Amino acid sequence: MTIDEIIDFVAGLDGVLILSPTAGTEWPEISWGDSFFYYSPEGVVPTKTQPFATVVTKDYPGEPSSDLNHPNSFRVNIAAGKAAFTEWTGHTPRQQPTDVDYRVTDTVLPHPTYSSAGWLAVVNPGARTETTTRELLHTAYDRARSRYERHSGSESH
């Protein structure tokens, strides 16, 4: 999978806003080149919620390395929730493993920083994880949409 394939897949979901900061925009330089996916039918970056998924092209300061400092390396981060997290990792989000190699590619892993919140990650998704990555992105989207509808008091948009 490429970053463009992931962006195209997420863009095909109703009510999604994709933020892809670049140089010269109001967004911090660390975010340039990355993409953030929000459920936002209004088309405005939400101020009270996190994205339901992201694609990052570099290791962020303060988190274990995913070795993303190579051309064409990236990591998909997905707010999959407790059930999907437990299914894919074999433990709950609150159980922090100490032996995870966050550089492994094409494998579903706990997120290096946000695993306690039920986030999963895939570095350079390929043939082994393409279908799973799409399914997990859809799960995160459904969770974000449900949360939005619950808070807005509507059933569907």
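The values are calculated or read from the model by the stated rules, or taken from the named source; none is laboratory data. As the structure is a prediction and not an experimental result, all values here were calculated from the model. A quick note on method: Cβ atoms are made from the backbone with ideal geometry, for glycine too, and the neighbour counts reach across all protein chains shown. When the accessible area is computed, the model is the full protein with side chains, heavy atoms only, and any ligands, DNA or RNA have been set aside. Shrake-Rupley method; radii C 1.70, N 1.55, O 1.52, S 1.80 Å.
Worth pointing out:
- Only helices enter this figure: runs of n ≥ 4 DSSP H residues, each worth -39500 (n - 2.57), summed and divided by the residues of the chain, yield -8000 deg cm²/dmol at 222 nm to the nearest 500.
- Placing pseudo-labels 7 Å out from each Cα toward the beta carbon at K48 and R94 gives an inter-label distance of 2.7 nm.
- FRET efficiency, 1/(1 + (r/R0)^6) with R0 30 Å, evaluated for T131 and A23 via beta carbons: 0.30
- Expressed as a whole percent, the accessible area of the stretch 87-157 that falls on carbon and sulfur atoms is 46 (1.4 Å probe).
- Gyration tensor verdict on the stretch 41-146 (Cα atoms; rounded if a/c is under 1.5, prolate if a/b is larger than b/c, oblate otherwise): rounded
- Most mobile of V55, V16, V100 in a GNM of the chain (Cα contacts under 10 Å): V100
- Choice from P51, P61, P97 with maximal GNM fluctuation in the chain (Cα, 10 Å cutoff): P61
- Most mobile of K82, K58, K48 in a GNM of the chain (Cα contacts under 10 Å): K48
- Annotation: per residue accessible area for the stretch 1-145 equals 51 Å², rounded to a whole number [probe 1.4 Å, protein chains only].
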